[in-house]
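Worksheet: the structure to be examined is printed underneath.
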Amino acid sequence: MHTRYVFIALSFLGVATTARAEVVYFATGRTLNVKEHRRDGDSLLLTLRSGGEVVCDAALITRIAPDETPYPEPVEEVSLKADPASVTTANSTTPYAEIIDRVSAREGVDPKLVRAVIEVESGYRPSARSPKGAMGLMQLMPATARQYAVTNPYDPAANIEAGIKHLKSLLARFPQALALAAYNAGGAAVERFGGIPPYAETRNYVARILQIVKRS
């Protein structure tokens, strides 16, 4: 089992601001959007956009480049004078909230889980594209886009709908944590290893999403 990543969960409240960002390129071909990084000996300390930090062996990273697309910091607004039933939280102000809620309800998938997947996969950037060719908000691979008849994977509505359907299909096959691992590494890898594959990237991916869901 790889133990190169240490996940440290941090909860926070914030005001929406535009912040700097970086894209971390891993030797596996995957990418990770982070706020910033700093070196600590042979390791890199990555500050996550969602809150928290990841300690990573520098040898696993090929390069780090500036992310030219600004992004809003997460926001949670709580009015002390409001009725509890009308309190506004980050979920209600999430980009594409109407699409996420509508399709999630129709497909029977937890919208909190969908939001967490989008946050980790693309940081809510509809034009995101990975070195391996994953596209859009939920990072659809070309084969997945074809499977769900998506002609424009950069269209937010089409991408979210296909991503939710794909996530639903994985949740029907695996428990939640394994379904997330399959979304990242593929169902065949989960079946081959009989659990979350021993890839540091996949284990970090699952941990990040579950932590976001837990605090939302």
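Multiplying the residue separation of ARG192 and GLN176 by 0.36 nm and subtracting their alpha-carbon distance yields 4.0 nm. Once R0 is set to 25 Å, what does the formula 1/(1 + (r/R0)^6) return for the Cβ-Cβ distance between THR28 and ARG146, expressed as a FRET efficiency to the nearest 0.05? In this case the efficiency is close to 0.60. Rounded to the nearest Å, what's the spacing between the alpha carbon centres of the stretch 123-137 and the stretch 194-209? Just the number, please. Here the two parts' Cα centres lie 20 Å apart. Placing unit charges on the Cβ atoms of the charged side chains and taking the dipole of the stretch 100-216 about its Cα centre, the candidate lying farthest along the positive direction among TYR183, PRO198, SER169 is PRO198.
Within a straight-line Cα-Cα reach of under 28 Å, LYS214 can be paired with the following lysines, leaving aside sequence neighbours fewer than 8 residues apart in one chain: LYS35, LYS81, LYS112, LYS165, LYS168.
Computing FRET efficiency as 1/(1 + (r/R0)^6) for ARG129 and ASP42, where r is the C-beta to C-beta distance and R0 is 25 Å, gives about 0.25.
Where a number appears in this text, it was derived from the coordinates with a stated rule and is not lab data. None of the values given here were measured: they were computed from a predicted structure. FYI the Cβ positions are ideal-geometry reconstructions off the backbone, even for glycines, and counts take in every protein chain you see.
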